[in-house]
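Chemist: Questions regarding the structure given below will be posed in turn.
Read-outs throughout are calculated quantities, based only on the coordinates presented, and are distinct from any laboratory measurement. Here the structure is a predicted model, which is why all the values come from computation and not from measurement. Note: ideal-geometry Cβ built from the backbone for every residue, glycine included; neighbour counts use all protein chains shown.
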């Protein structure tokens, strides 16, 4: 599953890079360079080879962890990615923590108090959160909490404190879908016979909810969290852009605005790998949550 | 199912659709959603009549005019929601932006659904190696980071509305295919399909006349719920400076433009965002309600 996806991603990326008008060498050196220099650099970069050879070279390089040189930043793409990825990972993971904490809590409360005012209010609130574009929310949060109220730094990344507002903004958005799904599956599970049995034998409500119901509701919840990984990555791209956090997202956005193709290609491929690994981790966690599911 | 309702003696008005409509009417959030969906459609269609000014008329002396301040370019003489960095009327740009967003979303929906339904029903109905081959392609398409594709296609072909439509359609059909494939696989085992086959109907007729009508409910729901995705997608691209290019108005490029002036004119960034959220929320509310109404067993 992972291998055809990655082959597909490299192939389509590669084709796109070559369909796009504009000569990368001229982009790199400027329009006034003399033809001999251009020919020389082209040869040096291996751009004079036929396309399929270039593709195989790119794949062979990628397997060795060499994604080529950035045209504009004149640095190895792999190094640039490795330098920025930890920042993005920190943002995405803290956002995920916020999302799971808020999402589970709100979802469980909504399910336990079904049809209460609280339930209706949170369902409207979560749907609104899902409907709001993350970059807009980030922008407004930056204006209100950073500029007007001055509770948080406005932008940049110099201390862990700089990460708090971006993580909350990104996390809140994803907590909404987790909350909605938690509510639905919890409602399903609460009506099952074994939950009634647990209540009937006099267990405390807390134990019934947390160790009987929630455990069985976790599988679909983990699935949805897994499906959010891709959204979380894209979301952190936007959040990084708004808050000027120097992560993978800012790098990719800069790459595409400057038409730095190797860098774009590298960040996209890397993003796809992260995605596949994330999905794999989710698959593995099923076996832990539900012993009936065996890893094959 | 249509045959059954037409010929048996079920009281008039008790078709699947009439039943669903009755259930939908009782769901208040869904009705509110529907009203707003219709409102946005109305605004988009009659933008020329409703907008107080042309979306591209400028008045450089009225840059960032506050909401309610007097205006030379609008018909009623005020900037109801204020003016942008070129003194254009924000309300008019939002109204025309609705047209852009909806056109994009509806055309993309039409294209992706036609391709998706065709491919999906072929894969689901025939199964075997055809299904295998199609499914592998779909998996790759669905895992592909589509943002990159938009960026590439934008650089290759520029960024007009047709290019955006192409960009969003290129990958969008994969999801529908998978969805329809699953439904068809389920339905093709049912007795009425077997009966149709026994009568010697062609495969195409069985798919179009007997299987697809029964997929209609879930399909309508998924269309309603995927329109907001496209609208948000355009806004996201525009926010990276890759969407529909100014001076043509779109909610996304208005938000993009407003970013640089947020401290001077916060309302400039707030209004298009509010328009976007209300529209997306309306589609989501309506879609959720529709799902519950069409399939009461799913009632949560």
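Chemist: Students often check this: by mean Cβ neighbours within 10 Å, which of B:79-90, A:29-40, B:261-272 ranks highest, and how do the rest follow? Provide the component values of the computation, followed by the final result.
Modeler: Values: B:79-90: 23.8, A:29-40: 10.2, B:261-272: 18.8.
In descending order of packing, they fall as B:79-90, B:261-272, A:29-40.
Chemist: Residue B:202 to residue B:278: extension gain in nm, 0.36 nm per residue of separation minus the Cα-Cα distance?
Modeler: On the way: separation 76, 0.36 × 76 = 27.36 nm, distance 4.61 nm.
Result: 22.8 nm gained on full extension.
Chemist: Here's another thing I want to ask about it. Give the share of C-alpha pairs in each 5 angstrom bin for the stretch A:158-200, from 0 to the last occupied bin, in whole percents, shortest bins first.
Modeler: It works out to 5, 18, 14, 12, 12, 10, 9, 8, 6, 4, 1, 0, in whole percents.
Chemist: Working from Cα positions, state the angle (0 to 90°, nearest 10) between the long axis of helix A:51-63 and the longest principal axis of chain A.
Modeler: The helix A:51-63 is inclined about 50 degrees to chain A.
Chemist: Tell me what chain B gives for mean residue ellipticity at 222 nm when only DSSP H runs of n ≥ 4 count, each as -39,500 (n - 2.57), the sum divided by the residue total, rounded to 500 deg cm²/dmol. It would help to have the intermediate numbers written out before the result.
Modeler: Numbers: 12 runs with 200 residues, N = 300.
Helix contribution divided over all residues of chain B: -22500 deg cm²/dmol.
Chemist: Roughly what would the spin-label model give for residue B:195 and residue B:85, points 7 Å off Cα along C-beta, in nm?
Modeler: Rounded to a tenth, the inter-label distance reads 6.5 nm.
Chemist: Can you tell me the 0 to 90 degree angle between the C-alpha axis of helix A:35-44 and the longest principal axis of chain A, rounded to 10?
Modeler: 50
Chemist: Quote the relative contact order of chain B in percent (integer), defining contacts as alpha-carbon pairs under 8 Å separated by 6+ residues.
Modeler: Working: 416 pairs, mean separation 72.8, N = 300.
In percent, rounded to a whole number, it is 24.
Chemist: May I ask you to derive the relative contact order of chain A, considering only C-alpha pairs under 8 Å and at least 6 residues apart, and to give it as an integer percent?
Modeler: Details: 312 pairs, mean separation 70.9, N = 296.
Reported as a whole number, the value is 24 percent.
Chemist: Something else about it: If you average the alpha carbon positions of the stretch A:103-148 and of the stretch B:164-232, how far apart do those two centres end up, in angstrom?
Modeler: Between the Cα centres of the stretch A:103-148 and the stretch B:164-232 lies a distance of 33 Å.
Chemist: For the stretch A:50-87 and the stretch A:185-236, write down the distance between their C-alpha centroids in whole Å.
Modeler: 43
Chemist: Using a 10 Å cut-off on Cβ atoms, rank the peptides B:43-52, A:153-162 from the highest mean neighbour count down.
Modeler: On the way: B:43-52: 15.9, A:153-162: 13.1.
Per-residue Cβ counts within 10 Å, averaged per peptide and sorted highest first, yield B:43-52, A:153-162.
Chemist: PRE reach from residue B:69 (point 7 Å along Cα→Cβ): which of the stretch B:81-106 fall under 19 Å by backbone N?
Modeler: Those under the cut-off are B:81-94.
Chemist: Quick one: angle between helix B:28-45 and the longest Cα principal axis of chain B, in degrees between 0 and 90, rounded to 10, please.
Modeler: Computed tilt is about 60 degrees.
Chemist: With the cut-off at 1.5 for a/c, could you classify the stretch A:77-295 from its C-alpha gyration tensor as rounded, prolate or oblate? Working shown, then result.
Modeler: Working: a/c = 2.86, a/b = 1.64, b/c = 1.74.
Verdict is oblate for the stretch A:77-295.
Chemist: Round to the nearest 0.05 the FRET efficiency obtained for residue B:21 and residue A:18 when R0 = 45 Å and r is the Cβ-Cβ distance.
Modeler: On the way: r = 52 Å, r/R0 = 1.16.
Computed FRET efficiency for residue B:21 and residue A:18: 0.30.
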